[in-house]
1. Return yes when residue 260 is farther than 22 Å from residue 80 by Cα and either touching a strand residue (DSSP E or B) at 6+ places or on another chain (Cβ under 7 Å) or modelled with pLDDT under 90 (or both) and no when it is not.
2. Here is a check on your reading of the model: is residue 152 at pLDDT 95 or above and surrounded by 18 or more Cβ atoms within 10 Å (Cβ to Cβ)?
3. Limited to the range 202-223, what total is found for residues that are assigned to a loop (DSSP other than H, G, I, E, B) and either within 15 Å of residue 177 (Cβ to Cβ) or modelled with pLDDT of 90 or more (or both)?
4. Out of the residues in the range 263-294 meeting the condition of being surrounded by 19 or more Cβ atoms within 10 Å (Cβ to Cβ) and hydroxyl-bearing (Ser, Thr, Tyr), tell me which one is modelled with the highest pLDDT.
5. Hey, can you tell me all the residues within the range 175-202 that are over 20 Å from the mean Cα position of the chain (by Cα) and charged (D, E, K, R)?
6. What number of residues within the range 228-245 satisfy the criterion of being at pLDDT below 90 and in a helix (DSSP H, G or I)?
7. Which residue pairs have Cβ atoms closer than 8 Å, lie 6 or more positions apart in sequence or on different chains, and pair a first residue in the range 66-94 that is more than 14 Å from residue 124 (Cβ to Cβ) and at pLDDT 75 or above with a second residue that is part of a helix (DSSP H, G or I) and not charged (D, E, K, R)?
8. When you scan the range 129-141, do you find a residue that is part of a loop (DSSP other than H, G, I, E, B) and crowded, with 17+ Cβ neighbours inside 10 Å, even just one?
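The values are calculated or read from the model by the stated rules, or taken from the named source; none is laboratory data. Since this is a predicted model, take the numbers as computed values, not measurements. So basically every Cβ, Gly included, is an ideal-geometry build from the backbone, and we count neighbours across all protein chains shown.
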Amino acid sequence: MDYPDWKLQDVITSHRDRLQNFFFHKGGFTSQASAERFWHIVLAISENPTSAKQTIQELREQYLTFPEATTYGQRETTLTADAAQSILDTLHGADSSDIRSPIGGRNPANLIDIGCAEGQKTSALAKAWGLPCQHAIGLDIIQAKSPPTNIKFETMLPDILPKCILYSSQDLAIVSMVFHHSKDPCKLLKGIHSALRLGGYLIIREHNADARMDMASFLNTVHIFYDAVFAGKPCMLNAQNYKSLEEWQNTFQSQGFEYIKSEYMPFSTNPSAGVQANANTGENFTFVLQKNRP
């Protein structure tokens, strides 16, 4: 149990509106009626505090009574693949359909996708840019069950890129929602800096955790719902390394990366996956950085 001290009632007290918005807009439900009904169940469960483990089990049992529970895995896959569109939007600006002119003036010839899960995002980007299998490498600490056939999947140790990723070999590195799980972000950044060619790009998607709003407790709750309640999986190991956008920017630049831009860019606004266009609550950001020195 990665969150033994988690208390649902405390999170509702501190983040009631933000948590309600999460249920209504972030993919757990495809209908407003279901989201509303589940929200009232969450409130009722919070009024009878138990251990974190028991609370999560009760929430999972309740979620399984909703029709969305049978299609969550499929929608989760859709959202992961849709994240590729977010990357394209970030690199290409407003007209992501024109893949001829990304930042830097050319498409990447190869890429590594760190924390790629099953590799759907990696696969979609490989297709968009016409990359051969060996030039689109998905990396994760957990072996993918069935990675797409148009990418190469490799396992990695926490914060350490595998030896097959050679020095100055990559045009693009993508790190999506990984750094808050990292115990040593600077170590991982040094590895990425080494792997990128001079002028290569790094795209990072991460939480914006403003300490003044105690965002850590809310973000832990989001992880619990995505992993244990919606997907029915053990909670992913999480170092809870939450920082504000400004703190992350300082960390990234301290490792030799030049800041290009940052913006809010949703993984997806796909209504069929239960995500609404107005789901921007300012909790995430996307950074584009460049390796500007050896």
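1. On the way: farther than 22 Å from residue 80 by Cα: yes; either touching a strand residue (DSSP E or B) at 6+ places or on another chain (Cβ under 7 Å) or modelled with pLDDT under 90 (or both): yes.
Against the criterion (farther than 22 Å from residue 80 by Cα and either touching a strand residue (DSSP E or B) at 6+ places or on another chain (Cβ under 7 Å) or modelled with pLDDT under 90 (or both)), residue 260 qualifies.
2. On the way: at pLDDT 95 or above: yes; surrounded by 18 or more Cβ atoms within 10 Å (Cβ to Cβ): yes.
Yes, satisfied.
3. Within the range 202-223, the first condition is being assigned to a loop (DSSP other than H, G, I, E, B), and the residues that meet it are 208-210, 214.
Right, trim to either within 15 Å of residue 177 (Cβ to Cβ) or modelled with pLDDT of 90 or more (or both) and you get 208-209.
Number of matching residues: 2.
4. Out of the qualifying residues, it is 286.
5. Result: 190, 197.
6. Qualifying residue count, the range 228-245: 1.
7. 66/34; 66/38; 67/34; 68/34; 69/63; 69/230; 72/230
8. Taking the range 129-141 first, the residues part of a loop (DSSP other than H, G, I, E, B) are 130-132, 141.
Among the residues that remain, those that are also crowded, with 17+ Cβ neighbours inside 10 Å are: 131.
Yes: the range 129-141 contains one or more residues that are part of a loop (DSSP other than H, G, I, E, B) and crowded, with 17+ Cβ neighbours inside 10 Å.
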